[in-house]
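Derivation of every value follows stated rules applied to the coordinates shown; laboratory data play no part. The structure displayed is predicted, hence computed values, not measured ones. Neighbour counts run over all protein chains shown; Cβ positions are idealised from the backbone, glycine included.
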Amino acid sequence: MTEGPIPLRVSNKQAYVWDVDDIAKLRARHGICGMLTGTLPRLSQQNVFLGVPLVLMPEEVVFLVEKGLACLVDDKNAHHDPEPSHLAKWDNARLKAIKHQLALAEEEREAREHQYMTMTEEAMRKRKERERRKAGSASSPNDQSRSSPEPAENLLAHDNHGAISDKQHGQDPPAASKTGVTSASYTVHVSAPSSQLEWYQQSSHSFTTLASAREAGIWDYPSTPEERARCAVFRDLREKGYYLGIGIKFGGDYLVYPGDPLRYHSHFVASVIASPRTPLQPMEIVAHGRLGTGTKKSHLLCEWDEENDIVTCYSIEWAGFG
C-alpha cells in the first residue's frame, strides 16, 4: 500500500504538523526536524519539554513539497459548518467515550480497594498471631500484662470510637480511614484531532505544488532572490545528508549536523549568500571565523548561483599567527 504525502496544515502562512506519526516519519525518513511548540497538558508551567504541533521552517516546507513528500492544506477553509446531525453524532460518541472511561476508572478503584482490604485483614491476622505467641511465652501474668502489647481488638475499638466521635461532631472520617485508598479525580480524555471530524474536508483544500498553493493565497515562499537562495542552499545541504536547524543563536542562517540533532552536535554554522555578486566585507569574514571557532564549529559561506543552479560552500576557521 502506497503512502500519500504528509499533510502540512497551513495557518497564517505557517506550516504545522499535528500527527505524531507524521512527525516521526519526517524525522526518521526525510531528515526534517522542525521545532515542537505545543505545551504539554501535565507540564504546562515550563517550556523545556514541548509537544505538538511541530512548526516547520519555510525552507523545510518547500523542500518537502518539491520532492512530493508533503502537501499543503488550507486548514481554515477545510473546516466547514457542521450539520446538526453531524454535531449530534459527534456529541453522542464523545459522551459514550466519557462514560466508558469513567466505568473503567471505577472498576480500577474498586480493585484497589479490594486489594487493600485483603491486605489489611491478612495483616490483622498476623498481628493477632504474634500477640498470641507472646502471651503464651510470658512467665507470669504480671509480666504478660507489662510486656504484651494492646490487643488488636482494643485498637480497632479505639479507631471506631474516634470515627463515632467524628460523626457526633458532624465530621465525616477521611476516605483513607475507611478504605485506605484516597479518592482522586478522574482524568477523561476527549479526542481532539479535527481531521477526523465529518465536516473537515481536507481533500478539497490540499495543494501538492507551490504554484497551486500560491494561487490559492495560502503560501508565497519563496518570493525574493534571498528566499530562493535559502531554499537552494537548504536543498543542497539536505541532499548531501546533513540535518539542518535554525542557526540564529550562532550568528548564521542554519546549524548543520552530520546526523540527527538528538545524537550529534552541529559541525557547521551556515550563512547564505544570495548571489556571486553579493558584496562581503572582510570584517564579516573575520567575525564569522572567530564566532565559529569560539563555538567549536566551522562557518560555512554558502553562495547560490541562480543562473547556473550551483551552490558553492566555503569553510572558514580562525587560525593563529606566527
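Quote to one decimal, in nm, the extra length available between GLU66 and THR224 on full extension: 0.36 nm per residue of separation minus the C-alpha distance between them.
Values: separation 158, 0.36 × 158 = 56.88 nm, distance 1.75 nm.
Computed gain between GLU66 and THR224 is 55.1 nm.
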Which far-off residues, 5 or more places away or on another chain, put their amide H under 5 Å from the one on TYR243, with H placed in the peptide plane? TYR257, GLY259
What's the ranking of 223-235, 20-32 by average number of surrounding C-beta atoms within 10 Å, highest first? 223-235, 20-32
Mean Cβ neighbour count within 10 Å, used as a protection proxy, ranking 259-265, 276-282 highest first: 259-265, 276-282
Selection from PRO282, ASN308, ALA229, by position along the positive dipole direction of the range 222-321 (Cβ): PRO282
Using a cut-off of 19 Å between alpha-carbon atoms, which lysines can reach LYS134, once sequence neighbours fewer than 8 places away in the same chain are excluded? LYS126
Going highest first, how would you order 249-257, 286-294 by mean Cβ packing within 10 Å? 249-257, 286-294
Using Cα centres only, tell me the gap between the range 73-103 and the range 27-44 in whole Å. 26 Å
Partners for LYS128 among aspartates and glutamates (Cα-Cα distance below 15 Å; same-chain residues under 8 apart left out): GLU150, GLU153
If the cut-off is a Cα-Cα distance under 23 Å, which lysines reach LYS25, setting aside same-chain residues fewer than 8 apart in sequence? LYS13, LYS67, LYS240
Considering amide H positions built from the backbone, and no H for Pro or chain starts, which residues 5 or more places from ASP253, or on another chain, come under 5 Å of its amide H? ALA270, SER271, VAL272
